[in-house]
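Novice: Input: one structure, supplied below.
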Amino acid sequence: MKTSVLALGLVAAAALTSQAHADKLDDVIGSGTLRCAVVLDFPPMGSRDENNNPIGFDVDYCNDLAKALGVTAEIVETPFPERIPALMSGRVDVGVASTSDTLERAKTVGMTIPYFAFEMAVTANEKSGVKSFEDMKGKVVGATAGTFEAIALEKQVKEWGAGEFRPYQTQADVFLALSQGQIDATVSTSTVAQANVKGGKFAGISVVGKAPFDTDYVALFTNREEYGFINFLNLFINQQVRTGRYAELYEKWVGGELPDLTAKGVYR
């Protein structure tokens, strides 16, 4: 009898503890604010307008997510290398930050199905002699530290056994170094490459071709144990596609052919 009473007491205590600890989905709704980590030197995904207000695909995506939750969005400017640390330190609730869905990252954070997909392009200093991806061999190249393209490019330089790879803190740092001739070429998403070339801020650079890297599928991310919130985020991404909002945002910020978010033979 004593054992049964003790067992019942433990079950009741566990239930009370579970009820007292609301998950992140409840926490966000209860707080009235959704804090999104967004990279703001990554146009057209994230940047600032002439009045210093955050704009871009990821900014609008965060605002849409907050609206779906019935709360107010708070854009937390977060450089690429600080995306996951910002979540782990509790500064943000979710990353809407063009984050590649790698298995290594999934050991630390919970990642959703893809909400965007990037193809890779080579941008070169016009005096470098680089006219294609193959021409990068033996050159000084760089990319934003921690990104899909930086990891792939550094690996490629090692395989070539020639040249030098330099990591940079931000996309702006990469394109400034490229414009100034500190590096000969870089690999970035095609959206970023075109935005920086057309923007006119960085002189003497041009997009010279594609990089033979895999399509970069990017995901939203939050704490890996927050299954309820991850489930909501996955359904939200699904709804963005089904309602046509994904296509609307892509046309607004990028234009051209809409990337397919499905992986053939894996999921639709």
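Novice: Kindly evaluate M120 against the criterion of being more than 24 Å from G46 (Cα to Cα) and crowded, with 17+ Cβ neighbours inside 10 Å. Can you show your working first?
Specialist: Details: more than 24 Å from G46 (Cα to Cα): no; crowded, with 17+ Cβ neighbours inside 10 Å: yes.
When the stated conditions are applied, M120 does not pass them.
Novice: Taking V187, is it of a type outside the set (S, T, N, Q), part of a strand (DSSP E or B) and open to solvent by 30 Å² or more (accessible area, probe 1.4 Å)? Explain how you work it out, then say what you get.
Specialist: Numbers: of a type outside the set (S, T, N, Q): yes; part of a strand (DSSP E or B): yes; open to solvent by 30 Å² or more (accessible area, probe 1.4 Å): no.
So V187 fails the test.
Novice: Considering each of V174, V266 in turn, give the residue that is among the β-branched types (V, I, T) and open to solvent by less than 60 Å² (accessible area, probe 1.4 Å). Walk me through it before giving the result.
Specialist: Numbers: V266 fails: open to solvent by less than 60 Å² (accessible area, probe 1.4 Å).
On inspection, the qualifying residue turns out to be V174.
Novice: If you go through region 253-264 one residue at a time, do you hit one that is within 20 Å of R83 (Cβ to Cβ), in contact (Cβ under 8 Å) with a residue 12 or more places away in the chain and among the acidic types (D, E)?
Specialist: Scanning region 253-264 turns up no residue that is within 20 Å of R83 (Cβ to Cβ), in contact (Cβ under 8 Å) with a residue 12 or more places away in the chain and among the acidic types (D, E).
Novice: Looking only at residues that are in a helix (DSSP H, G or I), touching a residue at least 40 places away in the same chain (Cβ under 8 Å) and within 13 Å of the chain's Cα centre (by Cα) in region 39-81, which one is farthest from L233 (Cα to Cα)?
Specialist: Looking at the filtered set, the residue picked out is P81.
Novice: Could you check region 215-252 and list, in sequence order, the residues that are touching a residue at least 24 places away in the same chain (Cβ under 8 Å) and not in a helix (DSSP H, G or I)?
Specialist: T215, D216, Y217, V218, A219, L220, F221, T222, N223, R224, E225, E226
The values are calculated or read from the model by the stated rules, or taken from the named source; none is laboratory data. Source: prediction; values computed, not measured. So basically every Cβ, Gly included, is an ideal-geometry build from the backbone, and we count neighbours across all protein chains shown. Note: areas computed on protein heavy atoms with side chains; ligands, DNA, RNA excluded. Shrake-Rupley method; radii C 1.70, N 1.55, O 1.52, S 1.80 Å.
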